[in-house]
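In what follows, a single structure is set out as structure tokens and then discussed.
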Amino acid sequence: MRAVPETLDADVVAAIDRRLAHVCEEHGVTIPLAVESGSRAWGFPSPDSDYDARFLFLRPVDDYLRLTPLRDVVETPLDAVFDVNGWDVRKALGLLVRGNATVTEWLRSPIVYGGDPAFVGGMLELADRILDRERVLDHYLHIGRRHLADSGGKLKRFFYALRPAATLRWLRVHPGNAVAPMDLPTLMAQNDAPADVAEAISELIELKAVTRELGTGEPPLLLRTFVESELIIAEERQAAPRSDLTAASREADDYFRGLVLR
């Protein structure tokens, strides 16, 4: 399973592949999924965007039976080009149970360095069964609020609030779903946003694509209003009670045991 667009630097992609292979060898793990996250996968890269590769890994059975657990995160050296790190599948499942949508975003990333289709399909099926939609809405509301407050007059940072707002709208117009698309263009194509908002976002994405380190400046008032409106709607929604996590945790436990013992 691999989906790497030609727009990515082939030398950088090859280096990411080598890092992933080194992680498997050094830590004795398998990597059932490695994807791009960040602005490239979100659909609004800049010419100088770094590469945010993320992966999920599984350890051998004996490593999970240790009295002292091993780290549930593996990191590789960070620099101006590479940001490559990953989570133990056990950590990812624990976050999924609690409504952290980062896991499902990785599972739906449009840029895949490598993966097992059966693993991805199984994880998404599990997410459909156990993910608490209200907790997912809380997740995106928290991220949107934090980044909007922290945008500091930087258009680049405004995108980090814009995508959660677009996701909240997508979830609102798809009330039967808890797993949304990852990238901003798909979210906008499927969330029934007003045409002028969609056009303004497309123009801002085009500007970011040709501008190194998109600089200071306020976003168009139309888009700031869109973001603030979606955050308010999510904040003031008639929320359902958060589900009890016991059953979801039990099902995730069973799924994890099946993966490790397979």
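The values are calculated or read from the model by the stated rules, or taken from the named source; none is laboratory data. Computed from a prediction, not measured in an experiment: that's the story for all the values here. No Cβ is skipped: glycine too gets one built from the backbone with ideal geometry, and neighbour counts run over all protein chains shown. Side chains are part of the model used for accessible areas, which takes the heavy atoms of the whole protein and leaves out ligands, DNA and RNA. Shrake-Rupley method; radii C 1.70, N 1.55, O 1.52, S 1.80 Å.
Stokes-Einstein diffusion for the range 81-222, with the hydrodynamic radius set to the Kirkwood value over Cα pairs and evaluated at 20 °C in a medium of 1.002 mPa s, equals 130 µm²/s. In this structure, Asp72 and Ser229 have a Cβ-Cβ separation that, at R0 = 41 Å, corresponds to a calculated FRET efficiency of about 0.60.
Of Leu221, Leu148, which has the most accessible area and how do the rest follow, probe 1.4 Å?
Ranking Leu221, Leu148 by accessible area, largest first, yields Leu221, Leu148.
Split the accessible area of the range 1-133 by element, probe 1.4 Å, and carbon with sulfur accounts for 53%.
Taking the range 114-171, how much of its Cα-Cα pair set, in percent, is spaced more than 14 angstrom apart? Considering the range 114-171, 64 percent of its Cα-Cα pairs are separated by more than 14 Å.
Spin-label model, Glu203 to Ser249: label points 7 Å out along the Cα-to-beta-carbon direction sit 5.1 nm apart. Average accessible surface for the chain: 48 Å² per residue, computed with a 1.4 Å probe over protein heavy atoms with every protein chain in place.
Quantify how much of the Cα-Cα distance distribution of the range 1-54 extends past 13 Å, in percent. More than 13 Å apart: 63 percent of the Cα pairs in the range 1-54. Give me the distance in nm between label points sitting 7 Å out from Cα along the Cα-to-Cβ direction at Leu8 and Glu26, one decimal. Distance between the two pseudo-spin positions: 2.0 nm.
Extension gain for the segment Glu125 to Asp150, taken as residue separation times 0.36 nm less the Cα-Cα distance, is 5.5 nm to one decimal. Exposure check, 1.4 Å probe, all protein chains in place: Lys154 carries approximately 90 Å² of accessible surface. Under a 5 Å amide H cut-off, with hydrogens placed 1.01 Å from N, Tyr51 pairs with Phe82, Asp83 among residues at least 5 apart or on other chains. Once the C-beta distance of Asp48 and Leu221 is scaled by a Förster radius of 22 Å, the resulting FRET efficiency is 0.20 to the nearest 0.05. Scoring 45-56, 15-26 by mean Cβ neighbours within 10 Å over their residues and listing the highest first yields 45-56, 15-26.
Each Lys and Arg contributes +1 and each Asp and Glu -1, all at the Cβ; summed about the Cα centre of the range 82-133, the dipole is approximately 160 debye. Once the C-beta distance of Val61 and Thr211 is scaled by a Förster radius of 45 Å, the resulting FRET efficiency is 0.35 to the nearest 0.05. Helix screen, the chain: DSSP H segments with Cα axial length of 15 Å or more and mean Kyte-Doolittle hydropathy at least 1.0 are 221-235. In the range 150-251, the portion of solvent-accessible area held by carbon and sulfur atoms comes to 52 percent [1.4 Å probe, whole percent, DNA, RNA and ligands not counted].
Hull volume per residue, based on the alpha-carbon atoms of the range 46-131 and their convex hull, is 124 Å³.
Tell me whether the range 152-259 comes out rounded, prolate or oblate; compute the Cα gyration tensor, take square roots of the eigenvalues as a ≥ b ≥ c, and use a/c under 1.5 as the rounded threshold. It comes out prolate by the Cα gyration axes.
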